[in-house]
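Working notes for the structure below.
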């Protein structure tokens, strides 16, 4: 995608987020986040990817589809365009993929990014170890200069 289209999609994403979180009276829209906007090549259609709490995705997507006219009108007031693209709302699947990946590796299996803490439980390897009485020394050895 060209820089101009990316900039337009980013501006549209920000404006849609403001509309859903601040201007809409529907409380369900305040629980939804606009993750990204994918524009068609001719700018006649825009797919808006939404992340929302688990279990409420389908209901929120149906409500957004029903309110697409209102949202498009509000978007037209924020962005001065000759033609406003038609809005399609879709669930963002990146979060589902992340949940699936995290669910595949059990906690503390010694996989990448985990380290054994002093008590023997798995923990993320910290950048700063506070196991020295709160002095906050780095995990790597300091070299003399």
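The values are calculated or read from the model by the stated rules, or taken from the named source; none is laboratory data. Quick caveat, the model's predicted, so the values are computed rather than measured. All Cβ positions, even for glycine, are placed from backbone atoms using ideal geometry, and neighbour counts span all protein chains on display.
Restricted to the stretch 44-59, and to residues there that are out of contact with any helix residue (DSSP H, G or I) (no Cβ under 7 Å at 6 or more places or on another chain) and surrounded by 15 or more Cβ atoms within 10 Å (Cβ to Cβ), the residue that is modelled with the lowest pLDDT is 57.
In the set 70, 89, only one residue is within 17 Å of residue 18 (Cα to Cα) and out of contact with any helix residue (DSSP H, G or I) (no Cβ under 8 Å at 6 or more places or on another chain); that residue is 70. Among the residues of the stretch 98-111, none is identified as modelled with pLDDT of 75 or more and on the phi > 0 side of the Ramachandran plot. Note on the stretch 1-30: residues that are in a loop (DSSP other than H, G, I, E, B) and surrounded by fewer than 15 Cβ atoms within 10 Å (Cβ to Cβ) amount to 4. The sole residue among 75, 81, 95 that is surrounded by 10 or more Cβ atoms within 10 Å (Cβ to Cβ), under 27 Å from the mean Cα position of the chain (by Cα) and at pLDDT 85 or above is 75. When you look at residue 16, is it under 15 Å from residue 87 (Cβ atoms) and touching a helix residue (DSSP H, G or I) at 6+ places or on another chain (Cβ under 6 Å), yes or no? The answer is no for residue 16.
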